[in-house]
There are 2 protein chains.
Amino acid sequence: MTRFDPETLTFNEQGLLPVIAQDHESGEVLMLAWMNAEAVARTLETRKVTYWSRSRQAFWVKGETSGHVQELVDLRVDCDRDCLLAVVRQAGPACHTNRRVCFYTSVKDGVEIEMMAPEA
Amino acid sequence: MTRFDPETLTFNEQGLLPVIAQDHESGEVLMLAWMNAEAVARTLETRKVTYWSRSRQAFWVKGETSGHVQELVDLRVDCDRDCLLAVVRQAGPACHTNRRVCFYTSVKDGVEIEMMAPEA
């Protein structure tokens, strides 16, 4: 048994790694965002998925203002330890455009197709 | 209708963006790797998912040597245009450790648990 230490993950030059959020029930890929070691620790401690906002250079408790929180169901580490998969219970839409997921644009025959409307 | 041009995506300082590969049938998140604009174009043209290997600094046609190819089913762009989701038909295990997916380690109660054995 290996105790998990966020500091043993591999971070990029900015001290960040990409985190994929996936819905625990539907399996949908909701979004990708970034964490530093402290965000990983806070996510595990609070079970509220907490990213590092690159634009604001601050911790970002997902849904803190919108209410669209991500409750952590499982956190998984990849083979290279430089990427995480957060399996979550998503409240409301995951995307800041109010769509269920961020990946709502599909490339079909060289054209961008919007697959999903914002929720009401 | 917007024609899709890989050059309109947002790449990092190395000219790369993260790409999530998801199994088209099971919905499993298989792996995360990186593409530059030319890798995105090659993936769309050949329908064989083609990453940029950061360690080898070369194009990496997934499965070219192992046979564990990823046939592109759908390519999706996220709201910020700085991340892609490749929905794929995966031949064999996706992970270089011969496991079905790269995210085979779960963090449970502060301990790392291996959830999946290498395939025979």
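With both labels modelled 7 Å from their Cα along Cα-to-Cβ, the B:Ala91 to B:Met1 distance reads 3.2 nm. Interface between chains B and A: roughly 3500 Å² of accessible area buried, both sides summed (probe 1.4 Å, protein heavy atoms only).
For B:Ser26, B:Ser55, the ranking by accessible surface with the largest value first comes to B:Ser55, B:Ser26, using a 1.4 Å probe. Expressed as a whole percent, the accessible area of the protein assembly as shown that falls on carbon and sulfur atoms is 47 (1.4 Å probe). Taken along the Cα-to-beta-carbon direction at a fixed 7 Å, the label points for A:Ser66 and A:Thr46 span 1.6 nm. Within chain B, DSSP assigns beta bridges of which about 80% are antiparallel (rounded to the nearest 5). Among the trypsin sites (Lys or Arg not before Pro) within region B:71-120, those in coil by DSSP and having at most 16 neighbouring Cβ atoms inside 10 Å are B:Arg81. Restricting the GluC sites (Glu not before Pro) of region A:1-87 to loop positions (DSSP other than H, G, I, E, B) with no more than 13 neighbouring Cβ atoms within 10 Å leaves A:Glu13, A:Glu25, A:Glu64. Contact with the other protein chains removes 20 Å² or more of accessible area, compared with the isolated chain and a 1.4 Å probe, from these residues of region B:45-92: B:Arg54, B:Asp74, B:Leu75, B:Arg76, B:Val77, B:Asp78, B:Cys79, B:Arg81, B:Asp82, B:Cys83, B:Leu85. Every Cα-Cα pair in chain B was counted, and those over 23 Å apart are 32% of them.
Residues of region A:23-42 that lose at least 10 Å² of accessible area (1.4 Å probe, protein heavy atoms only) when the other protein chains are present, relative to their chain alone, are A:Gly27, A:Val29, A:Leu32, A:Trp34. Per residue, chain A exposes 48 Å² of accessible surface when a 1.4 Å probe is rolled over the protein heavy atoms with every protein chain present. For chain A, the relative contact order works out to 22 percent when only alpha carbon pairs closer than 8 Å and six or more residues apart are counted.
The values are calculated or read from the model by the stated rules, or taken from the named source; none is laboratory data. Everything numeric here is computed off the predicted structure, so don't read it as measured data. Backbone-built Cβ (ideal geometry, glycine too); neighbour counts: all protein chains shown. Each accessible area value is taken on the protein alone, full model and side chains, heavy atoms only, with ligands, DNA and RNA left out. Shrake-Rupley method; radii C 1.70, N 1.55, O 1.52, S 1.80 Å.
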